[in-house]
Amino acid sequence: MKQQSGMVGKRRQVDFQIIADWVAPGDRILDLGCGRGVLIEYLMQKKGAYGVGVDVDFDKILSCVKRSVPAYQGDAQKVLNCFDEGSFDRVIFSRTVEQLSHPDAIMSDALRVGKRVTVGFVNHGFWLNRLNFLKTGNRIHNEVYPNEWYESAPSNAFSVDEFEKWCARRSIQIHHRVYLGGDWRKRCRNLPNLFAGYAIYDLGRGVQGEGGVA
């Protein structure tokens with residue numbers, strides 16, 4: 001278990017570094033599904049960002065408070081409704097979108113509240129997931145998906161290609177995108193829908209000018 005935790009921790013370090021590259025010094029950040037506030041803490045330290053976290057889990061909010069990270073317990077949609085247009089420089093969904101009850105509406109509203117939106121997610125179209133389902137007919141079970149389906153929170157798994165098609169349908173501009181391989185550390189340069197284990201997007205309002213991926 002400790003070995004798995006260490007592997008995930010190293011993966012998160014790469015994730016955080018990429019997100020930090022898109023954050024300007026002093027940016028106002030809203031992290032929806034902030035967990036224990038580790039990402040916000042990182043951005044506060046590295047970029048001097050002003051961060052606010054939101055999570056439904058009260059124990060995780062307590063962990064944020066212990067880190068001196070401002071955080072509130074609540075539902076993402078209800079929290080977004082409290083803010084005016086452009087209230088934050090960036091709204092972040094880091095491994096959160098899969099758990100949203102209404103992802104289309106919530107992410108669209110995030111683009112109203114935030115000047116930019118960062119979305120990071122596990123690519124369900126990754127080749128190993130496809131192969132495992134083809135061979136066994138079951139969802140893969142590993143350090144990324146450690147729990148059985150009946151022990152997991154509601155999850156809307158999706159692929160890189162499905163996400164980019166959604167952006168195109170909603171006329172959402174993709175300013176930056178980074179694909180990471182199966183180790184979530186090295187960059188994936190080719191066929192990301194097949195070979196990327198994790199994807200991170202920097203989104204904004206506007207016209208989507210780039211198409212889907214293989």
Top positive-direction residue, dipole computed over the chain with Cβ charges, set HIS175, SER108, VAL79: HIS175
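Strictly over 26 Å apart at the Cα level, which of LYS47/LYS165; LYS46/LYS186; LYS47/LYS78; LYS115/LYS186; LYS47/LYS186; LYS78/LYS186 would you flag in this model? Present the calculation step by step, with values, prior to reporting the outcome.
Details: LYS47/LYS165 32 Å; LYS46/LYS186 22 Å; LYS47/LYS78 28 Å; LYS115/LYS186 28 Å; LYS47/LYS186 23 Å; LYS78/LYS186 37 Å.
Check vs 26 Å cut-off fails for LYS47/LYS165; LYS47/LYS78; LYS115/LYS186; LYS78/LYS186.
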Listed values (1) 19.0, 81; (2) 17.8, 61; (3) 16.7, 49, entry calculated as Rg and Dmax of the Cα atoms in Å: (3)
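State, as an integer percentage, the relative contact order of the chain based on alpha-carbon contacts under 8 Å between residues 6 or more apart.
Value for the chain: 18 percent.
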The chain - charge dipole about Cα centre, Lys and Arg +1 at Cβ, Asp and Glu -1, debye rounded to 20: 620 debye
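Nearest 20 debye, what's the magnitude of the dipole of the range 52-144 about its Cα centre given +1 on Lys and Arg Cβ and -1 on Asp and Glu Cβ?
It works out to roughly 360 debye.
No value in this document is a laboratory result; all are computed from the given coordinates. This structure is a prediction, so every number in the text was calculated from the model and none was measured. No Cβ is skipped: glycine too gets one built from the backbone with ideal geometry, and neighbour counts run over all protein chains shown.
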